[in-house]
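Engineer: Structure incoming, see below.
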Amino acid sequence: MFDAVFTSSTGQSFAFGYKASVLWSCDPLGDLPVDLETSQGYQQVGAPVESRSISGVTRTITGRILRNVDYCKRQLRDVFAPGVTGRFTVAGKYWCDAEVQRCPAISAALLWPTFSFQLYCPNPYWHSVEETLAATIRVTPVFRLPVCYNAHQFGIREQADYIRIVNSGLDTQNFRLSLSARGPVVNPGVLNPGTGEYLRFVTTLQDGDELQVYRENDLLRVQQLIDGKAYDVLSILDGSSTLWTVYHGTQAWQRTAESGDGWLFLTLTMHAAYSTIITEGSNG
């Protein structure tokens, strides 16, 4: 059984697992249904898939309280109240954002009472707690100081024309891309040479300006940071842009600009997404 914790948007939390003296299970962890739309012509054998989608999922949490019964009952009642949203983290490795769909039903038993409630996850995937980072700036190690100073390593800062992204999870549109200028950059953008997909912004960045592209509640956001202030600049996004997905595997995204591309720095962060949770360990 995994340890887990639910942390609400207001900071309240409830822990599950042996250490918390709360035995629990979650259904489903995986087993995600894929909605397929098919079509079939006259006298056609079989039905080809036209499109596919995956909806949000309801996860049912059941369990039993072993100790600190009164405290845990109150926490269940208060943390999983109507309208509560938060992040459910399992095994310290995976998380999904969720909202309370059904409040806890808690048995009246004084010894080892049981409980049950439901969380709705708009995005059904489990995301890695570990963040994936790709940047056009990298440091090549050159030398270290003597062993007593082994915390200090010196290297050369290098600027590449592209970022190398390694996505061990599923194709995802949930990433944050930053385009930073260290000088004048006209119409900055990003290109995936492998697919031809690109992003292009019709603007001129000055030294210190930064564009950020990300999704919030599945809505695309484009912000420009100027002197530490954020401005909504979705309107500068070229409407023909097509680069919305980080695909599974390794890919390179290249910086582009009409002029000044040498002053453009790219940084991408994301959390790999998976359809289920698996345990990994040696076979002894």
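Engineer: Sort through R74, R52, R64 and tell me the only one that's out of contact with any Lys or Arg (no Cβ under 9 Å at 6 or more places or on another chain), more than 30 Å from L111 (Cβ to Cβ) and either open to solvent by less than 60 Å² (accessible area, probe 1.4 Å) or not in a loop (DSSP other than H, G, I, E, B) (or both).
Structural biologist: Within the list R74, R52, R64, the selection yields R52.
Engineer: Here are some residues: A47, A20, A15. Which one is assigned to a strand (DSSP E or B) and surrounded by 11 or more Cβ atoms within 10 Å (Cβ to Cβ)?
Structural biologist: Matching residue, one of A47, A20, A15: A15.
Engineer: Output yes when any residue across segment 173-184 is surrounded by 17 or more Cβ atoms within 10 Å (Cβ to Cβ), in contact with an Asp or Glu (Cβ under 6 Å, 6 or more places away or on another chain) and aliphatic (A, V, I, L, M), and no when none is.
Structural biologist: Yes, segment 173-184 contains at least one residue that is surrounded by 17 or more Cβ atoms within 10 Å (Cβ to Cβ), in contact with an Asp or Glu (Cβ under 6 Å, 6 or more places away or on another chain) and aliphatic (A, V, I, L, M).
Engineer: Next up: Go through segment 205-219 and give me each residue that's open to solvent by 50 Å² or more (accessible area, probe 1.4 Å) and assigned to a strand (DSSP E or B).
Structural biologist: Result: R215, E216, L219.
Engineer: Going by what's in this entry, would F80 be described as among the aromatic types (F, W, Y), within 19 Å of G11 (Cα to Cα) and modelled with pLDDT of 95 or more?
Structural biologist: Considered against the rule, which asks whether it is among the aromatic types (F, W, Y), within 19 Å of G11 (Cα to Cα) and modelled with pLDDT of 95 or more, F80 comes out as yes.
Engineer: Restrict the check to segment 185-194 and report whether at least one residue is open to solvent by 60 Å² or more (accessible area, probe 1.4 Å) and assigned to a strand (DSSP E or B).
Structural biologist: No; the residues of segment 185-194 include none that is open to solvent by 60 Å² or more (accessible area, probe 1.4 Å) and assigned to a strand (DSSP E or B).
Engineer: With segment 220-284 as the region, which strands (runs of 3 or more DSSP E) entirely inside it contain at least 1 residues that are open to solvent by 30 Å² or more (accessible area, probe 1.4 Å) and in contact (Cβ under 8 Å) with a residue 40 or more places away in the chain?
Structural biologist: Per the criteria, 249-256, 264-270.
Engineer: Can you give me the ranges of the strands (runs of 3 or more DSSP E) entirely in segment 109-162 with at least 2 residues that are modelled with pLDDT of 95 or more?
Structural biologist: Output list reads 114-121, 126-128, 132-135.
Engineer: I'd like the full set of residues that are open to solvent by less than 60 Å² (accessible area, probe 1.4 Å) and in a strand (DSSP E or B), limited to segment 89-105.
Structural biologist: Result: T89, V90, Y94, W95, C96, A98, V100, C103, P104, A105.
Engineer: Then there's this: Among the candidates V202, V190, V222, which residue alone is among the β-branched types (V, I, T) and within 18 Å of A135 (Cα to Cα)?
Structural biologist: V190
Engineer: Does V202 satisfy being in contact (Cβ under 8 Å) with a residue 24 or more places away in the chain, within 18 Å of the chain's Cα centre (by Cα) and open to solvent by 40 Å² or more (accessible area, probe 1.4 Å)?
Structural biologist: The answer is no for V202.
The values are calculated or read from the model by the stated rules, or taken from the named source; none is laboratory data. Computed from a predicted model, the values in this text were never measured in an experiment. As a convention, Cβ positions derive from the backbone with ideal geometry for all residues, glycine included, and neighbour counts pool all protein chains shown. In case anyone asks, the SASA skips ligands and DNA or RNA and just uses the protein heavy atoms, side chains included. Shrake-Rupley method; radii C 1.70, N 1.55, O 1.52, S 1.80 Å.
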